[in-house]
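This report concerns only the one structure given below.
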Amino acid sequence: MSFVKQCLSKVGFGIVLVCAFMVPANAQNLKVGVVNIPILMERAPQTKSAMDALQEEFAPRQREFLAKQKEFEELSAKVQKDLAVMGETERRNAEKNLRDLQREVTRLQTEFREDLNLRQNEELGILQRSILKEVQDYAQQEGYDLVVGDGVLYASAAVNITEEVLRAVEANFQATGSR
């Protein structure tokens, strides 16, 4: 029995040795690339287009908020100036109006920020999915076997394809019109 075990272990060792030498030979045929997704997201024309659209979408609400804030500041300055000559009832009414206006300004600001953040997150999610799809399309077109994104600590210029993918993303953006 020990003779059979020796033969099997030699055969097993031989198979492992052959496989070990085959892996580097196969690895030479792999085409690997690294993409820096944050840089791609930041520099893609789709990002600027989406942020401009959000700015346009929220501009009326921002103007409304800024107008209310200006109204509050003007009323506050007027009340401060006239405080010494106001009667007790008039002063209480003015302070109540100021508090009410301050609450409204705070509410408008909070709603504006929450809605804007929600929409930004929605748009960035859509944009991220679109960019990842473009990376996949580029990798398939160029014959890459593996493209790595997040979690890369170092990538040499030989495997970093961020700029090439960015050019493809820009070209696709130009070809489709803006959005």
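The values are calculated or read from the model by the stated rules, or taken from the named source; none is laboratory data. Note that the coordinates shown come from a computational prediction; the quantities given were computed from them, not determined experimentally. Cβ placement follows ideal geometry from the backbone for every residue including glycine, while neighbour counts extend to all protein chains displayed.
Of note:
- For segment 154-174, filtered to residues that are outside any helix (DSSP H, G or I) and of a type outside the set (Gly, Ala, Ser), the residue that is nearest to ARG43 (Cα to Cα) is ILE161.
Table: residues versus (1) out of contact with any Asp or Glu (no Cβ under 7 Å at 6 or more places or on another chain); (2) free of Cβ contacts under 8 Å to residues at least 60 places away in the same chain; (3) closer than 17 Å to LYS48 by Cα.
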{"residue": "GLU88", "(1), (2), (3)": "yes, yes, no"}
{"residue": "ASN93", "(1), (2), (3)": "yes, yes, no"}
{"residue": "LYS96", "(1), (2), (3)": "yes, yes, no"}
{"residue": "ARG99", "(1), (2), (3)": "yes, yes, no"}
{"residue": "VAL105", "(1), (2), (3)": "yes, yes, no"}
{"residue": "ASN117", "(1), (2), (3)": "yes, yes, yes"}
{"residue": "ASN121", "(1), (2), (3)": "yes, yes, yes"}
{"residue": "LEU124", "(1), (2), (3)": "yes, no, yes"}
{"residue": "GLN128", "(1), (2), (3)": "yes, no, yes"}
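- Matching residues, segment 77-113, being closer than 18 Å to PHE65 by Cα, of a type in the set (Asp, Glu) and surrounded by 13 or more Cβ atoms within 10 Å (Cβ to Cβ): GLU104
Residue by residue, here is whether (1) at pLDDT below 90; (2) within 30 Å of VAL152 (Cβ to Cβ); (3) in a helix (DSSP H, G or I); (4) of a type in the set (D, E, K, R) holds:
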position	(1), (2), (3), (4)
ALA25	yes, yes, yes, no
LEU40	no, yes, yes, no
ALA84	yes, no, yes, no
ARG107	no, no, yes, yes
ASP115	no, no, yes, yes
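Residues checked against (1) farther than 25 Å from ALA44 by Cα; (2) out of contact with any helix residue (DSSP H, G or I) (no Cβ under 7 Å at 6 or more places or on another chain); (3) outside the structural domain of THR47 (by TED's automatic domain parsing):
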{"residue": "LEU66", "(1), (2), (3)": "yes, yes, no"}
{"residue": "LEU83", "(1), (2), (3)": "yes, no, no"}
{"residue": "GLY87", "(1), (2), (3)": "yes, yes, no"}
{"residue": "LEU98", "(1), (2), (3)": "yes, no, no"}
{"residue": "ASN121", "(1), (2), (3)": "no, yes, no"}
{"residue": "GLN136", "(1), (2), (3)": "no, yes, no"}
{"residue": "GLN140", "(1), (2), (3)": "no, yes, no"}
{"residue": "TYR144", "(1), (2), (3)": "no, yes, no"}
{"residue": "VAL152", "(1), (2), (3)": "no, yes, no"}
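- Some residue of segment 83-97 being within 31 Å of the chain's Cα centre (by Cα) and farther than 19 Å from ILE37 by Cβ: no
- Filtered by the rule that a residue be of a type in the set (Gly, Ala, Ser), over 13 Å from the mean Cα position of the chain (by Cα) and surrounded by 14 or more Cβ atoms within 10 Å (Cβ to Cβ), segment 116-159 gives ALA139, GLY149, ALA155.
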